[in-house]
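Data block below; observations after.
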Amino acid sequence: MKTTRIIKIIALLIIVMLALFLISGSVLSIDLTSTTGSLKITKREKGKGLVSGVYPPLPGVEFKIYKVSDTETSTTATVTERELKGTGITGVDGTVTFSELELGRYLVIETDAPEAVLEKTANFLVDIPSTNATGDGLIYNVEVEAKNETVYGGVVLTKQNKNGTALKGVTFKLQKLIETNWEDYPNSTLCNLETDESGEITLTGLPAGDYRFVETGLGNNLEYILDNKTTYTFNVALGDNSTTMVTPEKITVLNDNPKLTKEKLSIVRDVEDNNSVKDGINSLDIGDTVNYKVEVDIPTKIAELATYKITDTMDNGLTLKKDTITVTAENKFIKDTDYTVSTLENMLEIVFTDAGKTKLSGKEKVEIKYDAILNENADATSKGNKNSVKLTYSTIVKENYQGIANTDIVRETMPQTTTVYTGGISIEKRAETENGTLLSGAIFKLADTKANAKAGKYIKDKSGNEITLTTGEAKELGKASYKGLSYGTYYLVEVQAPTYEENGEIKYYNLLKNPVQVEIDANTYKEKSVKVVNKKGVWDKILPMTGSTSSFIMILIGIGLLILSIILHKIKK
């Protein structure tokens with residue numbers, strides 16, 4: 001009986017101890033007073049690498065949480081079937097917290113993330129409360145951490161001309177491919193990019209995606225051609241070993257500024273002219289032909305230009321030979337098919353057709369040759385006879401990257417000018433002295449050498465007639481002139497002397513016995529005249545005359561010295 005009682009007491013004590021143990025365990029692991037909980041999500045990004053042993057926080061990630069049944073296992077169910085319990089975005093510390101959540105199961109969806117995020121975190125379920133890591137308790141303030149794979153790429157665009165010179169101040173905008181559409185990059189600072197002193201634009205921190213540059217302006221590089229049709233694409237992606245790949249990493253954009261050069265190739269003369277070059281100046285006679293050559297750079301985008309023409313303007317002293325015009329660029333171009341020619345007075349205009357511009361594509365230069373003749377209107381002073389050429393071209397392509405037509409904006413190059421010169425001679429015929437009476441009726445011829453002057457071989461004009469200068473009357477009394485002679489040394493030969501009246505009788509002044517040497521240059525036609533003096537009397541008939549009083553005096557002095565020496569010789573003897 002006593003033993004049975006003892007056993008019952010021990011069993012009761014065991015039951016009590018078990019109950020106390022169970023009660024004690026429940027108190028340690030379950031907070032029976034909690035009716036709500038919270039969810040804290042921490043986002044980190046891997047693209048920037050470890051910082052102090054951890055990945056840096058990722059702000060700007062949006063999450064939405066939905067209340068689902070405690071038995072829900074699917075994370076793909078339509079969210080419209082769920083009860084939205086909160087929306088939050090991670091802050092600068094990469095965290096977002098949802099508080100005062102009723103107990104139960106939740107579906108968590110990452111709904112938005114920064115561009116650098118390659119792929120959002122998959123949807124997941126979380127229970128509030130959740131069992132702790134050791135399985136012996138519950139956690140009401142649940143914390144989860146997720147990492148996103150992020151990409152940040154960089155690219156360098158270099159702007160230069162065909163010679164490699166950097167172009168500063170050229171502007172571009174950046175576009176990104178969104179689904180199937182190219183859209184201006186939303187970051188406003190990337191919508192108006194400008195090349196620096198080195199002609200470069202450097203971008204960093206670009207998220208994964210397809211991008212392109214579009215040229216929008218030339219800044220102060222106004223002589224260049226704006227190409228807002230061509231786009232320059234590149235891609236930012238995640239490569240092997242979580243490295244960022246940018247393809248291509250460097251982009252070079254070339255711009256054209258067409259230039260033009262002009263030169264005189266040669267001068268064609270009917271006869272050889274020993275006076276054609278003097279003091280380094282290549283001068284001409286009237287009637288000579290000048291060969292001209294114009295070379296023009298061909299822009300790489302010439303087929304995209306609405307306007308591309310060459311205009312040549314000549315002074316009145318030059319006459320274009322229309323049938324000599326040729327246009328070549330490795331091959332000969334066909335008039336009216338590849339280009340058109342317009343002539344108006346002294347202006348020549350060559351306009352390239354669309355077919356011609358297409359044929360020019362890929363070529364370096366186009367060469368234009370033609371001839372002109374120096375005519376009677378030529379200027380015989382230092383001003384010379386100018387031939388100026390310029391290029392007029394579009395500074396923007398026909399249409400932009402959207403296929404929208406651009407307004408044609410044209411620019412002219414600085415005219416390139418070559419000058420050809422010719423000279424002339426002016427004569428004043430005077431009696432007795434260089435300040436004597438002007439005399440009319442004297443006739444002169446010109447020779448190019450002294451030997452020809454003495455032999456009577458005189459220079460002819462373009463019509464084949466000997467050049468003759470006759471001193472005039474009235475306003476031109478005693479004066480004669482001729483223009484259209486190349487610079488150099490000439491010999492003036494008097495072939496008929498002027499007349500005078502003496503005692504009712506018409507007599508001739510003494511004809512010059514020797515030719516007068518003259519130097520023709522830019523000033524001898526208008527600014528300085530050759531004074532030729534005629535004398536009369538028997539001494540003039542006996543003594544050779546050069547038309548110079550000083551020469552005559554020197555002869556008299558010589559004769560006097562000769563007589564004096566004879567007298568002294570006789571006295572001594």
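The values are calculated or read from the model by the stated rules, or taken from the named source; none is laboratory data. Owing to the predicted nature of the structure, the values given are computational and were not obtained by experimental measurement. Cβ: placed from backbone, ideal geometry, glycine included. Neighbour counts: every protein chain shown.
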Members of region 65-123 that are surrounded by 15 or more Cβ atoms within 10 Å (Cβ to Cβ), of a type in the set (Gly, Ala, Ser) and free of Cβ contacts under 8 Å to residues at least 60 places away in the same chain: Gly86, Gly88, Gly94, Gly104, Ala113
Hits in region 168-193 - residues which are of a type in the set (S, T, N, Q) and surrounded by fewer than 18 Cβ atoms within 10 Å (Cβ to Cβ): Thr180, Asn181, Asn187, Ser188, Thr189, Asn192
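Residue-wise test of (1) in a strand (DSSP E or B); (2) of a type outside the set (Phe, Trp, Tyr); (3) touching a Leu at 6+ places or on another chain (Cβ under 6 Å).
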position	(1), (2), (3)
Gly464	no, yes, no
Ala480	yes, yes, yes
Lys483	yes, yes, no
Glu501	yes, yes, no
Lys507	yes, yes, no
Ala522	no, yes, no
Quick check on region 414-432. Is at least one of its residues more than 25 Å from Leu485 (Cα to Cα), hydrophobic (A, V, I, L, M, F, W, C) and in contact with a strand residue (DSSP E or B) (Cβ under 9 Å, 6 or more places away or on another chain)? yes
Got a sec? Which of Val290, Val327, Val341 is more than 20 Å from the chain's Cα centre (by Cα), without any contact (Cβ under 8 Å) to a residue 40 or more places away in the chain and part of a strand (DSSP E or B)? Val341
Starting from region 195-212, keep only residues that are at positive phi, then list their pairs with residues that are surrounded by fewer than 18 Cβ atoms within 10 Å (Cβ to Cβ) and not in a strand (DSSP E or B) whose Cβ atoms are within a distance under 6 Å, requiring at least 6 positions of separation or different chains. Gly205/Tyr152
Among the residues of region 230-245, is there at least one that is at pLDDT below 95, of a type in the set (Gly, Ala, Ser), crowded, with 19+ Cβ neighbours inside 10 Å and outside the structural domain of Gly403 (by TED's automatic domain parsing)? no
Considering residues that are surrounded by 15 or more Cβ atoms within 10 Å (Cβ to Cβ), under 16 Å from Val296 (Cα atoms) and of a type in the set (Ser, Thr, Tyr), the number found within region 314-352 is 1
Keeping to region 385-408, report how many residues are free of Cβ contacts under 8 Å to residues at least 60 places away in the same chain and either touching a Ser or Thr at 6+ places or on another chain (Cβ under 9 Å) or not polar (S, T, N, Q) (or both). 3
Could you name every one of the strands (runs of 3 or more DSSP E) located completely within region 355-425 that has at least 1 residues being basic (Lys, Arg) and touching a Pro at 6+ places or on another chain (Cβ under 8 Å)? 385-394
Residue selected from region 460-494 under the condition surrounded by fewer than 15 Cβ atoms within 10 Å (Cβ to Cβ) and among the hydrophobic types (A, V, I, L, M, F, W, C), by the criterion farthest from Gly424 (Cα to Cα): Ala474
Across region 151-171, what is the number of residues that are in a strand (DSSP E or B) and basic (Lys, Arg)? 1
Determine whether region 204-214 contains at least one residue that is more than 17 Å from Val236 (Cβ to Cβ) and under 21 Å from the mean Cα position of the chain (by Cα). yes
Residue list for region 310-331, restricted to those being farther than 19 Å from Asp371 by Cα and among the charged types (D, E, K, R): Glu330
Looking at (1) of a type in the set (Asp, Glu); (2) closer than 14 Å to Val253 by Cβ; (3) not in a strand (DSSP E or B), which is the only condition Glu215 fails? (3)
Looking at Thr437, Thr418, which one is in contact (Cβ under 8 Å) with a residue 60 or more places away in the chain and either under 30 Å from Val296 (Cβ atoms) or outside the structural domain of Asn291 (by TED's automatic domain parsing) (or both)? Thr418
